[in-house]
Every structure is written in C-alpha cells, then in structure tokens.
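The values are calculated or read from the model by the stated rules, or taken from the named source; none is laboratory data. Predicted model only: the values in this text are computed from it and were never measured. Glycine gets a Cβ as well: all are built from the backbone with ideal geometry, and neighbour counts include every protein chain shown.
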Ligand code: FES
C-alpha cells in the first residue's frame, strides 16, 4: 500500500475500550514497576483485536504514552513482528499456510480460492472491505494439513469445497465453526484412534 493511501486511512486518535483498559492495566501488573515496557506486545495485541485486526499509528503513540516509553520503542516492536498488521486487513484476516506439508496436501488450491473470491493480491481488501488474505509459513498444525488461520481460529483438513464454503460465508460476514473439516479430534488419526484405546478421553 502506498504511503499516501496509508496516511489517508489513519485515524487521528486511539484509546482503549473500557475492557481493554482494564486488561492493559492487568498486563502491566505482571511486571516490576520499572519494567512496564515488557507489556508492549500484549498491549499491541489488545489494540489489534479492538481495531479490526490492525494497529494504526495513533495507537502506537497511545501505547508508548501508556507505557511511558519513547514512541520509536513501540514502533520498532510493531514493525518487527509479522503478526502485527499496520494497515487494514479487514474484519476477517485469512492466513494460508503454504509451507511444505500444507503445500503437498493442496495449499495452492486454497490460495487460488482466496485470490478468486477475496482479492487478487495478498493484503488487499475484498470489495466489501470485510476480509483479506496472505500466505504464511508453518502455523504448527501440519498433521491437519492443509490449513488456514482466520483471525484467532484454525481451519484444518481443508479441501476445495470446504475452503470455498468458508470463504463465501466470510464474505457474508459470518464465520463457520473452526477446527477439522473432517471432524477429527485434534490430531487423532483420520481413521480413528490406533493407540491408547483403553483410555477413555485420550
Ligand atoms: S506446514 Fe502448514 S501448518 Fe505446518
């Protein structure tokens, strides 16, 4: 996104909601009084969840003031970690894992579906501005490949039909139930348990 466009979408002010203000104060309490800055990532995460998945510059300044540290110190953190978005990504942010296990099990088709229905390019908002998508490295759910993350939820064991259904529903401002599309429990074998058969809840 161009600097001009980013400047245009920046709100002038930001402040925590009542709940997040309380959550931020609780985060700070976890650290010694002179080490408040250690809460920076937790506070940026709160900003992102409050602000439709992205962190405006006004919020970076707000967090810096909140923690009593220079603005640049918070800016450095927010620009270093890829989980922080510094431009709008929509209410639903789709991250498709394309690392080897997911790639072998068909992640390219998931990317094609995102390209077709959400937007041509990564980080580009859909026409109704509700979602965007990007490719990411391994999200640690390789056993249930291929998979994608939407906001905080994992959608696993995907095939083309299921992915289409999830994306089409998203575009109508609804999120389907997360988890395995094959209804398997966690990372259990696709055809049911083969070990610990005598343990009821294993
Ligand atoms: S390779 Fe996709 S979750 Fe690990």
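Okay, here's what the table says:
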quantity: Residue match in segment 98-107 (condition: part of a helix (DSSP H, G or I), over 19 Å from residue 49 (Cα atoms), modelled with pLDDT of 95 or more and away from the ligand (no atom under 16 Å from the Cβ)); calculated: no
quantity: Yes/no for residue 75 being over 15 Å from residue 16 (Cα atoms) and at pLDDT below 95; calculated: no
quantity: Test: residue in segment 167-187 that is surrounded by 17 or more Cβ atoms within 10 Å (Cβ to Cβ) and assigned to a loop (DSSP other than H, G, I, E, B); calculated: yes
quantity: Restricting segment 151-174 to residues that are within 17 Å of residue 90 (Cα to Cα) and in contact (Cβ under 8 Å) with a residue 24 or more places away in the chain, the residue that is farthest from the ligand (Cβ to nearest atom); calculated: 173
quantity: Residue ID - farthest from residue 178 (Cα to Cα), chosen from residues in segment 109-150 that are touching a residue at least 12 places away in the same chain (Cβ under 8 Å), within 16 Å of the ligand (Cβ to nearest atom) and part of a loop (DSSP other than H, G, I, E, B); calculated: 137
quantity: Any chance residue 72 is at negative phi and surrounded by fewer than 18 Cβ atoms within 10 Å (Cβ to Cβ); calculated: yes
quantity: Only one of 87, 202 that is within 16 Å of the chain's Cα centre (by Cα), more than 16 Å from the ligand (Cβ to nearest atom) and modelled with pLDDT under 95; calculated: 87
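This table checks each residue for (1) touching a helix residue (DSSP H, G or I) at 6+ places or on another chain (Cβ under 6 Å); (2) modelled with pLDDT under 95; (3) not in a strand (DSSP E or B).
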site: 8; (1), (2), (3): no, yes, yes
site: 20; (1), (2), (3): yes, no, yes
site: 45; (1), (2), (3): no, no, yes
site: 49; (1), (2), (3): no, yes, yes
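Here's the yes/no breakdown for (1) in contact with a strand residue (DSSP E or B) (Cβ under 7 Å, 6 or more places away or on another chain); (2) over 21 Å from residue 19 (Cβ atoms); (3) surrounded by 15 or more Cβ atoms within 10 Å (Cβ to Cβ):
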site: 52; (1), (2), (3): no, no, yes
site: 55; (1), (2), (3): no, no, yes
site: 58; (1), (2), (3): no, no, yes
site: 62; (1), (2), (3): no, no, yes
site: 68; (1), (2), (3): no, yes, no
site: 82; (1), (2), (3): no, yes, no
site: 102; (1), (2), (3): no, yes, yes
site: 105; (1), (2), (3): no, yes, yes
site: 110; (1), (2), (3): yes, yes, yes
